[in-house]
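K.L.:
I'd like to ask you about the structure that follows.
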Amino acid sequence: MGFDQFMAAALYTPGLGYYANDSRKFGSLPGSGSDFVTAPEMSPLFGHTLARQLAEALDVTGTDELWEFGAGSGALARQVLEALGDRVRRYTIVDLSGSLRERQQEALAGFGDRVVWAQALPERLRGVVLGNEVLDAMPVQLLARVGGVWHERGVAVHQGQLAWADRPTALRPPLDIEGPHDYLTEIHPQGEAFVRTLADRLECGAIFLIDYGFGESEYYHPQRHMGTVMCHRAHVADDNPLADPGLKDITAHVNFTGIGVAAQEADLAILGYTTQAHFLLNCGLLDLQGEGDLVQRGQVLKLINEHEMGEFFKVIALGRGTPPDWTPMGFVRGDRTHRL
């Protein structure tokens, strides 16, 4: 089977896939039984700062509803709702994981019926959409250039064990890869289809997607020849998704140029693209931090330092029905849309 099929099965098969079982997944410390930490788990200031941008977007679009995809433990939703209060009439979570929905419902019980869960998008949507580390968990196809010939790399069973298997393909990366060397990379049809689906449903509103990745020229640089697929378990990373499927997370970096192109082809405007550091600083992270204690200051530094999450993570904003001259506050300095 293609790697995208394998990745989907390993992550989402009911009862067996990583996001369909009862493991803890999200948490700040290895000793908690978690596998990795996300920004909302690291510091509540992440969600409180992001809420400033979401409030502006709700005001500009004249809407009062937030949608979050892949809400994890519910930490980000809780932080945003704490910060925005009654400004949000309804907060809708779309999550494929039944076990995580239970955890979210427990974490968000205090907000009553303002928080609801949905299995799919409505036909028409007005509001602000949020996705933090959602795109990286969407299945990707692997392409391998071996001996100058492009193959799709998939998964087969050999002598009772999962093994890599290649077959020639007409698929290609969006850029020509210079040089004769063997080269492994990914393409992202499902992530791009997700953006097109949002565009198809969004009548008026804005979309904020936060994840780790690069623009196209960096993503498909000739020296990036080993691809970006990684696995995470107990706060340890490895590059072998065929080992222990269903027991660890499988991710791939995001090609933000592909996301931007898919959005534009679907008549969404690109409102901004920048690093997480620029975005959070523009939204007033340091003002919210105040003096802070040493622990809090250390958490904030991890969110914005170049060698931590600050440069590695990017934020892209898309919109429909927004004023043509509106630059969301998170992108007023350090916008990199020209580098997509």
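Bear in mind these aren't lab numbers, they're just calculated from the coordinates by the rules spelled out. These numbers were taken from a predicted model, which means no experiment stands behind them. With ideal geometry, Cβ positions are generated from the backbone for all residues, glycine too; neighbour counts draw on all protein chains shown.
K.L.:
Multiplying the sequence separation of R224 and L162 by 0.36 nm and subtracting their Cα-Cα distance, what value in nm do you get?
P.N.:
On the way: separation 62, 0.36 × 62 = 22.32 nm, distance 2.53 nm.
That works out to 19.8 nm of additional length.
K.L.:
Then there's this: With label points built 7 Å along Cα→Cβ from the Cα atoms of R196 and D22, find their separation and express it in nm.
P.N.:
That separation, rounded to one decimal, is 4.0 nm.
K.L.:
How high is the relative contact order of the chain, given as a whole-number percent (alpha carbon pairs under 8 Å, six or more residues apart)? Could the numbers behind the result be given before it?
P.N.:
Numbers: 709 pairs, mean separation 67.1, N = 340.
Value for the chain: 20 percent.
K.L.:
Would you list, by chain and number, the aspartates and glutamates whose Cα falls below 14 Å from the Cα of K302, excluding same-chain residues fewer than 8 positions away?
P.N.:
E41, E311
K.L.:
Please state, to two decimals, what the Cα-based radius of gyration of the chain comes to when divided by 2.2 N^0.38 Å (N = residues). Don't jump to the answer; show the numbers that get you there.
P.N.:
On the way: Rg = 19.8 Å, N = 340, 2.2 N^0.38 = 20.2 Å.
Working it through for the chain, the quotient is 0.98.
K.L.:
What residues have an amide H closer than 5 Å to that of W117, excluding those fewer than 5 places away on the same chain, when H is modeled at 1.01 Å from N in the peptide plane?
P.N.:
Amide H to amide H, under 5 Å and 5 or more residues apart or across chains, W117 pairs with I93.
K.L.:
Read phi for every residue in region 158-165 and hand back ³J(HN,Hα) as whole Hz from Karplus 6.51 cos²θ - 1.76 cosθ + 1.60, θ = phi - 60°, with x for Gly and Pro.
P.N.:
Along region 158-165, the couplings run 10, 6, x, 10, 5, 8, 6, 8 Hz.
K.L.:
May I ask you to list the GluC sites (Glu not before Pro) in region 231-340 that are in a DSSP loop and have at most 10 other Cβ atoms within 10 Å of their Cβ?
P.N.:
Sparse-neighbourhood loop GluC sites (Glu not before Pro): E291, E306.
K.L.:
While we're on this one: How large is the helix-only mean residue ellipticity at 222 nm for the chain, computed as the sum of -39500 (n - 2.57) over DSSP H runs with n ≥ 4, divided by its residue count, in deg cm²/dmol to the nearest 500?
P.N.:
Details: 11 runs with 102 residues, N = 340.
Taking each H run of at least 4 residues, the total per residue is -8500 deg cm²/dmol.
K.L.:
Can you pull out the trypsin sites (Lys or Arg not before Pro) in region 106-160 that DSSP calls coil and that have at most 13 other Cβ atoms within 10 Å?
P.N.:
When the trypsin sites (Lys or Arg not before Pro) of region 106-160 are filtered for loop state and at most 13 Cβ neighbours within 10 Å, R124 remain.
K.L.:
Still on this structure: With r defined as the distance between the Cβ atoms of E106 and T169 and R0 fixed at 30 Å, what FRET efficiency is calculated, to the nearest 0.05?
P.N.:
After rounding to 0.05, the efficiency reads 0.10.
K.L.:
Let me ask you something else. Among all the aspartates and glutamates, which ones have a C-alpha under 17 Å from K314's C-alpha, if same-chain residues fewer than 8 places away are not counted?
P.N.:
Qualifying aspartates and glutamates at Cα under 17 Å: E133, D136, E192, D211, E216, E218, E306, D335.
K.L.:
Only bridges with both residues in the chain count here: give the DSSP antiparallel percent, nearest 5.
P.N.:
The antiparallel fraction comes to roughly 60 percent.
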